[in-house]
1. For region 60-81, which positions are under 9 Å from the mean Cα position of the chain (by Cα) and at negative phi?
2. How many residues does region 88-109 contain that are modelled with pLDDT of 90 or more and under 17 Å from Ile62 (Cβ atoms)?
3. For region 36-48, how many residues meet the condition of being more than 15 Å from Thr97 (Cβ to Cβ), part of a loop (DSSP other than H, G, I, E, B) and at pLDDT 75 or above?
4. Could you list, in sequence order, all residues of region 55-77 that are in contact (Cβ under 8 Å) with a residue 24 or more places away in the chain and within 15 Å of Ile115 (Cα to Cα)?
5. Among the residues of region 97-121, write down those that are loosely packed, with under 14 Cβ neighbours inside 10 Å and either farther than 25 Å from Gln34 by Cβ or touching a Phe, Trp or Tyr at 6+ places or on another chain (Cβ under 7 Å) (or both).
6. For region 63-84, which positions are modelled with pLDDT of 90 or more, outside any loop (DSSP other than H, G, I, E, B) and among the hydrophobic types (A, V, I, L, M, F, W, C)?
Amino acid sequence: MTDNSDNDLALTADHSQQSHHLKTLLPDPILRLQTVIGLSSGFNNLLWTQDGNYVLYSSHAIVVQMHIETQQQWFFIGHTDKISAIAFNSNSSLLATIQTGPNGKEYSFIKILDIQQRSKL
C-alpha cells in the first residue's frame, strides 16, 4: 500500500494497484474532525472573543474556536505537540499560539492566526 521511494507519501484510495505520490503531507481526506471535547490539562488556555460570541481553547495540539449559541466548532491545526499558551491581540482578531519544544528545552513554535478569516498568517 505504501511506497517509500524518494521519501514521498504514497496513498492507495481504492485498494487497487494505483497509488498517488504526494510531495507534502496533507490532512487525511478520509477522516474529518467534527467535534473536540475537553481542554489540555496543565494549561489555562481558554479565551472569549471581545464580542462574547466565541470561545477559543486548546486541546493538545489543536485550537478550537466554538460559537457559543450554536456550539459549531472550527479547528486550527498545525502544531505538533501540546499548545502551552494562547493570546489575543486587543480586538480579538489575531490569536497567537505557542508550543514549547520537548521537555521545554528545544525551540518553541509560535503561530499567528487570523480569527475572522480562520487562516494562518
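1. Once the filter is applied, which keeps residues that are under 9 Å from the mean Cα position of the chain (by Cα) and at negative phi, region 60-81 yields Ala61, Ile62, Val63, Val64, Phe75, Phe76, Ile77, His79, Thr80.
2. 4
3. 2
4. Leu56, Tyr57, Ser58, Ile62, Val63, Val64, Gln65, Gln73, Trp74, Phe75, Phe76, Ile77
5. Selection gives Gly101, Pro102, Asn103, Gly104, Lys105, Glu106, Tyr107, Ser108, Ile110, Ile112, Arg118, Leu121.
6. Residues satisfying the conditions are Val63, Val64, Met66, Trp74, Phe75, Phe76.
The values are calculated or read from the model by the stated rules, or taken from the named source; none is laboratory data. These numbers come from a predicted model, not from an experiment. Backbone-built Cβ (ideal geometry, glycine too); neighbour counts: all protein chains shown.
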